[in-house]
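These notes are about the structure you will find just below.
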Amino acid sequence: MPPEISLAQKLEERLKELSCLYEVSSAIRKHSDSVIETLEEICRITQRAWLFPDQAIVKLKFDDYSVLTSDLPEAPIVQQSNIHLFQENRGFIKVYYDIKKIANAHFLNEEQKLLNKIAIEISEFFERREIIKKEELLKRSAERNDRLSILGEITAGIAHELNTPLGNILGFAELIKSSSQENQTQKDTEKIIKAAIYSREIVKKLMYFACEMPQHKDFIQIKPVIDQALKLLSQNFQKAEINYNFKIDNPNLEAQIDSIQFTQVLFNLLINAIYTSPKWSTISIEVSSTSTYFKLEIKDEGSGIPTDLKSKIFEPFFSTKPVGEGSGLGLSVVHGIVKSHRGEIITFDNEPAGTVFQIKLPLKI
């Protein structure tokens, strides 16, 4: 049992408690931009507020942050209060005494109440930071959506305007090629045809991006669509000297999707994976499902996506490929198709090397 303390000591402890809480609030305001400085000062303030301040040792831990005022004692007694983030336990603040150094070491009930209040202050500090972070993300997301909406309208207009002249260029180039026997003319018109076809594909991607392509979402089996895409890309795999491995947990899996657009997603992701993969590596295509959605993962063993570029890869016209090798629309088209199917797409590092693109799509829309 801890010894009784006098009324004067109780008043002194009460005064220390009020001073401590004021100083903790001040520290949070003063160091709001530096988490570690805030936590270090809170620990020093807490140490001074305890009955034996010269012997008190304070340890604070929250996620990856850790503060310790001095080495932990060999024979400790400890007082603790947990730190929460939105009701989830994420850390603690502890006060230690070494009973070898203080024979009558003990904690007061008032000190436990004070420690609980300090833990609440710390919890609210982290919750405010989290709320500000989420508000900033929502703001950036809203700004990005506004930009994409405007860009989508402009893109749709450009795509429609380009379709007709591109069709004329392609048609007349093919007519010239078929009616001329001159070798140089044949070569030149072949270049025109290839350039026109390439441009038409970009226009098609622009229309996908602008959601101008009509969708036909029917219940179809997923495995045959992926099998067909892999079959059509078999020459790409062979030419790059890359293998692939396809696994699906339910071969009869069905989902309500637009098969053409889903194939477009597969083509873009697989072609990107082939482009970034080293020779003799393996690209994995894995499909798993629940009662409400299915998950597609495409994993390569390439060099991965640099951290500073991960936030940009789904932006339209962004490309890491050399000029002329990519339009920068592939992943933005994939993103648009996935979103139009009420799904989500994320990317993360593969282990030990490479990138994973993960898509979740509902089985029924």
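The values are calculated or read from the model by the stated rules, or taken from the named source; none is laboratory data. Just so it is clear, the structure is predicted and the values come from calculations on it, not from any experiment. Backbone-built Cβ (ideal geometry, glycine too); neighbour counts: all protein chains shown. Only protein heavy atoms, including side chains, enter the accessible area calculation; ligands, DNA and RNA are left aside. Shrake-Rupley method; radii C 1.70, N 1.55, O 1.52, S 1.80 Å.
Evaluate the following for residue 288: is it over 17 Å from residue 342 (Cα atoms) and open to solvent by less than 40 Å² (accessible area, probe 1.4 Å)?
Against the criterion (over 17 Å from residue 342 (Cα atoms) and open to solvent by less than 40 Å² (accessible area, probe 1.4 Å)), residue 288 does not qualify.
Mind listing whichever residues of segment 290-309 are acidic (Asp, Glu) and not in a helix (DSSP H, G or I)?
Scanning segment 290-309 gives 297, 300, 301.
Return the residues of segment 24-37 that are crowded, with 16+ Cβ neighbours inside 10 Å and in contact (Cβ under 8 Å) with a residue 24 or more places away in the chain; say none if nothing qualifies.
Passing the criteria: 24, 28, 35.
Mind listing just one residue for me: the one in segment 85-117 that is part of a loop (DSSP other than H, G, I, E, B) and aliphatic (A, V, I, L, M) and, of those, modelled with the lowest pLDDT?
Once the filter is applied, the top-ranked residue is 103.
Right, residue 256: at negative phi, open to solvent by 60 Å² or more (accessible area, probe 1.4 Å) and modelled with pLDDT of 90 or more or not?
No; evaluated as a whole, the condition is false for this residue.
Any idea which of 40, 4 is of a type outside the set (Lys, Arg), modelled with pLDDT of 90 or more and open to solvent by 50 Å² or more (accessible area, probe 1.4 Å)?
40
Does residue 266 count as in contact (Cβ under 8 Å) with a residue 40 or more places away in the chain, of a type outside the set (S, T, N, Q) and either touching a Leu at 6+ places or on another chain (Cβ under 6 Å) or not in a strand (DSSP E or B) (or both)?
It is true that residue 266 is in contact (Cβ under 8 Å) with a residue 40 or more places away in the chain, of a type outside the set (S, T, N, Q) and either touching a Leu at 6+ places or on another chain (Cβ under 6 Å) or not in a strand (DSSP E or B) (or both).
Determine whether residue 82 is part of a strand (DSSP E or B), in contact with a strand residue (DSSP E or B) (Cβ under 8 Å, 6 or more places away or on another chain) and closer than 30 Å to residue 134 by Cα.
Spelling it out, residue 82 is indeed part of a strand (DSSP E or B), in contact with a strand residue (DSSP E or B) (Cβ under 8 Å, 6 or more places away or on another chain) and closer than 30 Å to residue 134 by Cα.
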